[in-house]
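Enquirer: Please find one structure pasted underneath; my questions will follow.
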Amino acid sequence: MALRLPTQLATPGRFHHHHSKTSVSRALSWKRTIAPDATHFSPLSSSTSTGRCNVGPRVMCTAETVGAVNLAPGTPVRPTSILVVGATGTLGRQVVRRALDEGYEVRCLVRPRPAPADFLRDWGAIVVNADLSKPETIPATLVGIHTIIDCATGRPEEPIRKVDWEGKVALIQCAKAMGIQKYVFFSIHNCDKHPEVPLMEIKYCTEKFLQDSGLNHIIIRLCGFMQGLIGQYAVPILEEKSVWGTDAATRIAYMDTQDIARLTFIALRNEEINGKLLTFAGPRAWTTQEVITLCERLAGQDANVTIVPVSVLRLTRQVTRFFEWTNDVADRLTFAEVLTSDIVFSVPMNETYKLLGVDVKDVVTLEKYLQDYFTNILKKLKDLKAQSKQTDIYF
């Protein structure tokens, strides 16, 4: 779907300087400091630790001078210079598109991969290779950056702790050492209420670590992405394949990632929101069955629904590796375990809209989002069918 948001050029501000003792003439060396009993090591300072965030060894960052060049007090950095982490993901790519449309200078931190992220370069972003699980690759990506927007979440097949905890701790510590001016972190709604769900617990611990770091920051908790529903329900229904769901009464307030990106930059420009925790939710919370029924109506055909009982999902925390349908759930930040936890995965948005100066009418509803998708895809299928008939040869 083409980007529907209008282009709005941000006003370039005056130059800012890093005030950290670390300049670009210094490189960061990394070492792991593991507590005697790493299993029970709390990464948070004793003054704010909840006693829950015992998710692994802390990665310590120290600066060492490696060159004679001295650029003190710091390197001039444009306020419009941002680094997007997780730029190839469902949310990250929309953040990149929005940032470029609004006139930001966008750098994307992308892991080295067989298929290069050429689409980011085609859009006008700069792509730099680094890996959060390899902390020594991070510092070079931050030189000249004013703001980090962190959209990254580890892949389903990876150990959650490696990227989502150790990698994020390394990134935050490096950002602090190099004088990054602001850090935007995307988390999960109600992550503080579910220590039994590994990813949610780690997101909550990362929130606390960021709050304790001293960095200017904004934390944005999300409920679910509309984009994840396309592969989850829309495509299987059109292809007459099985649609997987649960018998849970959970309601999720899905939000268009384009709206999430738009609201994020409004928050980023509002200095009154520094240090705040916001939660973004869509206009309405939907059950799985309601979403399937909506897709059936818009597609004009019935779905082949396979229901997985919630009791089955409760058997293992590794359920995302065993059920095909959960990969899309993971992609929209709602793991299968979450589906068993909250009856309503949503939050009232009136105060947030007021704070950001946003009209609720400008936020896309799920009905409109899916209607646009089905209208476009069904038109394309009809055109292809017509084109196919025109090229038939009869003997």
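Enquirer: Of everything in the range 156-210, what is of a type in the set (D, E, K, R) and within 21 Å of residue 136 (Cβ to Cβ)? Give them in sequence order. Steps first, please.
Expert: Taking the range 156-210 first, the residues of a type in the set (D, E, K, R) are 157-158, 161-162, 164, 166, 168, 176, 182, 192-193, 196, 201, 203, 207-208.
Residues satisfying the conditions are 158, 161, 162, 164, 166, 168, 176.
Enquirer: Within the range 235-250, which residues are within 15 Å of residue 377 (Cβ to Cβ), buried (at least 16 other Cβ atoms within 10 Å of the Cβ) and touching a residue at least 60 places away in the same chain (Cβ under 8 Å)?
Expert: Within the range 235-250, 236, 237, 238 qualify.
Enquirer: Need at least 2 residues that are closer than 30 Å to residue 79 by Cα, modelled with pLDDT of 90 or more and not charged (D, E, K, R) per element, so show me which helices (runs of 4 or more DSSP H) inside the range 270-362 make the cut, counting only ones lying wholly within it.
Expert: Working: elements: 288-299, 310-313, 326-331, 336-339, 350-356.
By residue number, 350-356.
Enquirer: Scan the range 238-269 for residues that are out of contact with any strand residue (DSSP E or B) (no Cβ under 9 Å at 6 or more places or on another chain) and not hydrophobic (A, V, I, L, M, F, W, C) and report the count.
Expert: The number of residues fulfilling the criteria is 4.
Enquirer: If you go through the range 189-219 one residue at a time, how many are part of a helix (DSSP H, G or I), open to solvent by less than 10 Å² (accessible area, probe 1.4 Å) and at pLDDT 95 or above?
Expert: The number of residues fulfilling the criteria is 4.
Enquirer: So, one more: Can you tell me which of (1) within 16 Å of the chain's Cα centre (by Cα); (2) within 25 Å of residue 288 (Cβ to Cβ); (3) of a type in the set (D, E, K, R) is the one residue 168 doesn't meet?
Expert: (2)
The values are calculated or read from the model by the stated rules, or taken from the named source; none is laboratory data. Treat the numbers as computed from the prediction; the structure is a model and nothing was measured. Methodologically, a virtual Cβ is constructed for each residue, glycine included, from the backbone with ideal geometry; neighbour enumeration extends over all protein chains shown. The accessibility values were calculated without ligands, DNA or RNA, using every heavy atom of the protein model including side chains. Shrake-Rupley method; radii C 1.70, N 1.55, O 1.52, S 1.80 Å.
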